[in-house]
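Nothing in this text is a laboratory measurement; each read-out follows from the coordinates by a stated rule. Quantities reported herein were computed from a predicted structural model and do not represent experimental measurements. Virtual Cβ from ideal backbone geometry, glycine too; neighbours counted across all protein chains shown.
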Amino acid sequence: MSRERTMKALAKEEFEAWAGTYDRSLLNRFLFQPSYRMFLEELYAWRGGNPEPFDLLDVGCGTGTFDAMLAGSPLPARVVGLDYAEAMCRVAAEKARHAGVADRLRYVNADSQHLPFADASFDAITCSNSFHHYPDQPAVVRDMKRVLRPGGRLMIIDGFRDNIIGHVCFDMIIGRVEKQVHHATWKQMDAHFRAAGFRDIRRRKFSFWMPGLLTVGTA
Ligand SMILES: C[S@@+](CC[C@H](N)C(=O)[O-])C[C@H]1O[C@@H](n2cnc3c(N)ncnc32)[C@H](O)[C@@H]1O
């Protein structure tokens, strides 16, 4: 099997099986929740106080916790969550129903590398803790740029592996558990954004023991 098919098959197998218990994982507290808070902080700084509705795509949305938080917030976001694992999309849709925000959210079961949307469909794209599963990371960033409207924002969060703590967490531990994954360095991430045509690229590192890297660019 090619590297691309192997990576995708492994990711699908892992997350179809993990969907039911994902929200109770220790990683939820140390990595996932801080990521959702980081996105909300960025979105408030960018769109807070602006009453115009905006369209946001969350790529690799998992169980949709961030999507439900956003849909329940005062920000006027219309949210689409996309995930390769059907079970993750099912759990996410159920969570939205329970939270009473299902009218502001919809879920699509698809591959991040082939986004099933027309050009310029969204004002913002978020992607947290999923990018390391993508076999062709530059192609995904290019497709994200395609579906963003001019001036739209791309925000990707993944493990920060440019210091010793990140190297141990993401290369040595998570890399071994998840097998075929690649956590991009900040320089690689920067290069993907630049190559796809993003401007005003900036990054933020957050959390000490399980460090995350947020990269933001404008389409
Ligand atoms: C660790 S979870 C992150 C979920 C969520 N964004 C979060 O931060 O909690 C990674 C998610 O990426 C999804 N994923 C992996 N490869 C994908 C691909 N090629 N296209 C879309 N989603 C993918 C998995 O199914 C999984 O739900």
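Once you compute Rg and the Kirkwood Rh from C-alpha atoms, what is the Rg to Rh ratio for region 3-218?
Working: Rg = 15.9 Å, Rh = 17.2 Å.
When Rh is taken as the Kirkwood radius, the ratio is 0.93.
Can you tell me, using C-alpha contacts under 8 Å and at least 6 residues apart, the relative contact order of region 151-219 as a whole percent?
On the way: 107 pairs, mean separation 31.7, N = 69.
Reported as a whole number, the value is 46 percent.
Once you charge only the Cβ atoms, +1 for Lys and Arg and -1 for Asp and Glu, what is the size of the charge dipole of region 3-218 about its Cα centre, to the nearest 20 debye?
The dipole magnitude comes to about 380 debye.
Relative contact order of region 1-120: what whole-number percent is it, with Cα pairs under 8 angstrom and at least 6 residues apart? About 24 percent, as a whole number. Scalar couplings 3J(HN,Hα) for region 72-86, obtained by applying the Karplus form with A = 6.51, B = -1.76, C = 1.60 to θ = phi - 60°, are x, 8, x, 5, x, 8, 9, 10, 10, x, 10, 8, 6, 9, 4 Hz; x denotes Gly and Pro.
Note on region 95-219: Kirkwood hydrodynamic radius from all Cα pairs is 15.5 Å, rounded to one decimal. Each Lys or Arg adds one and each Asp or Glu subtracts one; over the other residues with Cβ under 14 Å from the Cβ of F15, this totals -4.
With an 8 Å cut-off on Cα pairs and a minimum separation of 6 or more residues, tell me the relative contact order of the chain in percent.
Relative contact order, the chain: 19 percent.
What FRET efficiency do you get for E13 and D200 if R0 is 30 Å and r is their Cβ-Cβ distance, rounded to the nearest 0.05? Spell out each step's value before the answer.
On the way: r = 38 Å, r/R0 = 1.26.
Approximately 0.20, to the nearest 0.05.
DSSP beta bridges confined to the chain are antiparallel in about 40 percent of cases. The string of couplings for region 94-110 from the Karplus curve (6.51, -1.76, 1.60, θ = phi - 60°) is 5, 4, 4, 5, 4, 7, x, 10, 4, 6, 10, 9, 9, 10, 10, 8, 7 Hz, one whole number per residue in order, with x for Gly and Pro.
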